[in-house]
Amino acid sequence: MNQPFDPDVASDDRTSELDLRALWQAIQRKRRWIFWPTLLAFVGIGLFVMLVKPTYTAESQVLLENQESYLPNSVQPVGNAPTLDLETVGSQVQLVKSRDIARKVIEKVHLIGNPEFDPAAKPIGPFSRVLMLFGLVRDPTTIAPEDRVTDVFERHLTVFSPTKTHVLTIQFSAHSPDLAARVANEIVALYLRTQSNAKRERAKEAVGTLATQISDLRSKLTTAADNVERYRASSGLLSSTNNMTISGQQLSDLNGELSKARTAQADAQAKATLVREMIRQGRLSDIADVANNDLVRRISEQAVTAKAQLAFESRTLLPGHPRIKELRARIADLDQQLHSAVSKTARSLENNARIAAARVSNIETALNQQKGTVVRANADQVHLRELERVAQALRSELDASMAKYQDATAREDSPAMPADARMITRAVAPDQPSFPKKVPMVVFGTLAAFILSLAVVISSELLTGPATGDYNAPVAQPRALADDPENWPSSAPLLDRLRDFRRAAADMHRKLTQNPPPVSPRDEVTLPTVKPAGEEAAIGRGARIIAISLEESGATADVLIAFARNLTREGRPIIIDIDAHGNQLAALKSSDMAGGVNISERRVGLTDLLNGNASFAEVIHRDAISRLHFINFGASEDFDSADLDLVLDALAETYDFILLAAPALAASDLAKSLASHADLVVLVGTGKTATEKCNKTRHELMLAGAHEVVVIGAMGNLETAVLSVA
């Protein structure tokens, strides 16, 4: 349960909470470590930007686009137009940065021998010679002039494409603005010329390939056309008018004749039938063919004349008169002649119908024979069409190859072949250098030095600890001592003496370990105890401290609270009131130090936690002016120290210092019973306390088993002391 008190604490277990006021005071204290580095950075950067030779960057831009349809009135299908994707743009960037273009530009602008780009054109320094001697740097004189200048040239060249564009930006930097602009423009011009030459070379290669292909196609087409004509002649598939074969034309003619014959047959049969019907009905004059017949017309005229004479003579002659009988006989003879003529016409029409039927039959026979001929010709025509299709395919391929050949010939002979890009921004000599940017470099460099220096100071303060929980005396003063700052106790001298004691105790432990003396009861009381080598220091992880007041007064309580608050510089402390009367934490109950809590208010505390009526979150309170946490005694006055171990073990997992505010020895012996279980016993007194009383109390605590006893007071009359017993 008990561990020896070790004041040499590691900073890893300290809290991460910051005291901004202490941090600001540390910055004020170390402001020269911020001012002088910032001033040196300002002066150094200012001298650098004034003395360094400026570098100028010229920029030109090229737009990548398809130039295939550059001729006037040329039409190119949209679907066949090449697209410019990210890979294509990236390939063009690499083409602009190629070493071939770089060498040609170097030769064009005469960069060999320029000290800025040619390392061999300037003297070699002693440091470089030493590096060359050890083989760390290659001698520039052993490198080809084009290679060494090209390496420097590539470092001065920047080519990129802005996002989601087909624009290439070419930037070149040099000490001379005119040289930078000239080189940037030469790079673009050479890039465009390289693309044009590449297209011209492709056209030249296409001309040679297409010439051979066209010659081969022509020979194949001649052979195919000859095969078509030979097969056409051998199979009798000779063409007639309307691009039809003879057999097909004959079949078409027979089909037409058959249609005409059938029409004539139907017409003749209809006329004959109509004439017979009209003869039976006696309507001879209604028959058109009869009416138009000359014989029938004369007979009809004679019959009409005879009937007229009969009517004339009947006016004066009787029916039995010979003249009347003659006329009637003559009319009957004419009617018989008319019927005979009409019958001849009907028989003529019937004969025409029979002739038409015979013609139809003959034509049908010829048509059926021609159909067989056409069927046999169609089988031969299938093979002929296949031969014609082969010949047509060869002809189409030849025509396409001829068109490509003519286009390639035009491109090969064209003096100005457009590249698939065009310059949209020409580089001009810049009037402002790209490096150094004097004002931004000075401003940002000085600001960076200031921030870096400030960060170093803040880091050092955070690592050393004073800025972490360093609540100075003017902030942490209790109200009882606020009027007398000189009497304000500080834990810094005390902790320093505790560290000195730890070192002395460790040295004595090593000596006793090497040469152990004989043990006596007196020695067991006077030898200091230290932790074994390699174990963690006690200050810094649940170190248990018992604070005892020599007398019950508000001044001693203020000293105890001040001591606890100053422990926040070394870690996270918590103070627990185990005095049933609550005299020790009276200062913490004031409204200005406990977050506005009324003095008369009685908070839940330790006894409520032990009785199970409250949790740790309910009983732990925080000091309003420091990182000190505290636990009141509680509402109940029943307290058993045997139940305190579990609470202390739990608090040791979170807090670095556990300070138990015990009642004064005059009021209770609780402090003596707990002294052997603590790492440190703090005896609190004031200037009015007698030294003999302090020594007596300290002796009683050591006899009760205290490991270390520390006496602190509010004035110099009572000297702070550190004593130790085993």
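Let's see how each residue does on (1) β-branched (Val, Ile, Thr); (2) within 19 Å of Gln392 (Cα to Cα); (3) touching an Asp or Glu at 6+ places or on another chain (Cβ under 8 Å):
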site	(1), (2), (3)
Asn197	no, no, no
Glu205	no, no, no
Gly208	no, no, no
Leu217	no, yes, yes
Thr223	yes, yes, no
| said: Please pick out the residue among Ala198, Ala144 that is open to solvent by less than 70 Å² (accessible area, probe 1.4 Å), free of Cβ contacts under 8 Å to residues at least 60 places away in the same chain and farther than 17 Å from Ala419 by Cβ. | reply: Ala144
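Return yes or no: is Val130 surrounded by 11 or more Cβ atoms within 10 Å (Cβ to Cβ), at pLDDT 90 or above and part of a helix (DSSP H, G or I)?
Details: surrounded by 11 or more Cβ atoms within 10 Å (Cβ to Cβ): yes; at pLDDT 90 or above: no; part of a helix (DSSP H, G or I): yes.
It is false that Val130 is surrounded by 11 or more Cβ atoms within 10 Å (Cβ to Cβ), at pLDDT 90 or above and part of a helix (DSSP H, G or I).
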| request: Tell me which of these Asp640 doesn't satisfy, since it passes every other one: (1) modelled with pLDDT of 75 or more; (2) acidic (Asp, Glu); (3) more than 24 Å from Asp558 (Cβ to Cβ). | output: (1)
| query | Of the residues in the stretch 88-126, how many are in a helix (DSSP H, G or I), at pLDDT 90 or above and within 23 Å of Val137 (Cβ to Cβ)? | reply | 3
| message | Looking at Arg389, Arg411, Arg385, can you tell me which residue is farther than 23 Å from Ala224 by Cα and in a helix (DSSP H, G or I)? | response | Arg411
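Take the conditions in contact (Cβ under 8 Å) with a residue 24 or more places away in the chain, touching a Phe, Trp or Tyr at 6+ places or on another chain (Cβ under 7 Å) and of a type in the set (A, V, I, L, M) and apply them to Ala174. Does it pass?
Numbers: in contact (Cβ under 8 Å) with a residue 24 or more places away in the chain: yes; touching a Phe, Trp or Tyr at 6+ places or on another chain (Cβ under 7 Å): yes; of a type in the set (A, V, I, L, M): yes.
Answer is yes for this residue.
Confirm whether Ser161 is of a type in the set (Gly, Ala, Ser), modelled with pLDDT of 90 or more, surrounded by 13 or more Cβ atoms within 10 Å (Cβ to Cβ) and more than 26 Å from Asp178 (Cβ to Cβ). Talk me through it step by step, then tell me what you get.
Numbers: of a type in the set (Gly, Ala, Ser): yes; modelled with pLDDT of 90 or more: yes; surrounded by 13 or more Cβ atoms within 10 Å (Cβ to Cβ): yes; more than 26 Å from Asp178 (Cβ to Cβ): yes.
Considered against the rule, which asks whether it is of a type in the set (Gly, Ala, Ser), modelled with pLDDT of 90 or more, surrounded by 13 or more Cβ atoms within 10 Å (Cβ to Cβ) and more than 26 Å from Asp178 (Cβ to Cβ), Ser161 comes out as yes.
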| One residue from Asp420, Asp507 being open to solvent by 40 Å² or more (accessible area, probe 1.4 Å) and at pLDDT 80 or above | Asp420
| query | Tally time: how many residues in the stretch 97-113 are farther than 17 Å from Asp151 by Cβ and open to solvent by less than 70 Å² (accessible area, probe 1.4 Å)? | reply | 0
| field | Criterion: within 52 Å of the chain's Cα centre (by Cα) and modelled with pLDDT of 80 or more - qualifying residue of Asp608, Asp623 | value | Asp623
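How many residues does the stretch 617-643 contain that are in contact (Cβ under 8 Å) with a residue 40 or more places away in the chain and out of contact with any Leu (no Cβ under 8 Å at 6 or more places or on another chain)? I'd like the intermediate steps shown before the answer.
Step one: list which residues in the stretch 617-643 are in contact (Cβ under 8 Å) with a residue 40 or more places away in the chain, which gives 620, 623, 625-633, 637, 639, 641.
Remaining after also requiring out of contact with any Leu (no Cβ under 8 Å at 6 or more places or on another chain): 620, 625-627, 629, 637.
The number of residues fulfilling the criteria is 6.
Looking only at the stretch 20-34, count how many residues are touching a residue at least 24 places away in the same chain (Cβ under 8 Å) and either more than 27 Å from Arg627 (Cβ to Cβ) or in a helix (DSSP H, G or I) (or both). Full working, then the answer.
Going through the stretch 20-34, the residues touching a residue at least 24 places away in the same chain (Cβ under 8 Å) turn out to be 21-23, 25-27, 30, 33-34.
Right, trim to either more than 27 Å from Arg627 (Cβ to Cβ) or in a helix (DSSP H, G or I) (or both) and you get 21-23, 25-27, 33-34.
So the answer is 8.
The values are calculated or read from the model by the stated rules, or taken from the named source; none is laboratory data. Predicted, not measured: the structure shown is a model, and the values here were computed from it. When we count neighbours, we look across all protein chains shown, and the Cβ atoms used for this are built from the backbone with ideal geometry, even at glycine. Protein only, heavy atoms only, side chains kept; ligands, DNA and RNA dropped before computing areas. Shrake-Rupley method; radii C 1.70, N 1.55, O 1.52, S 1.80 Å.
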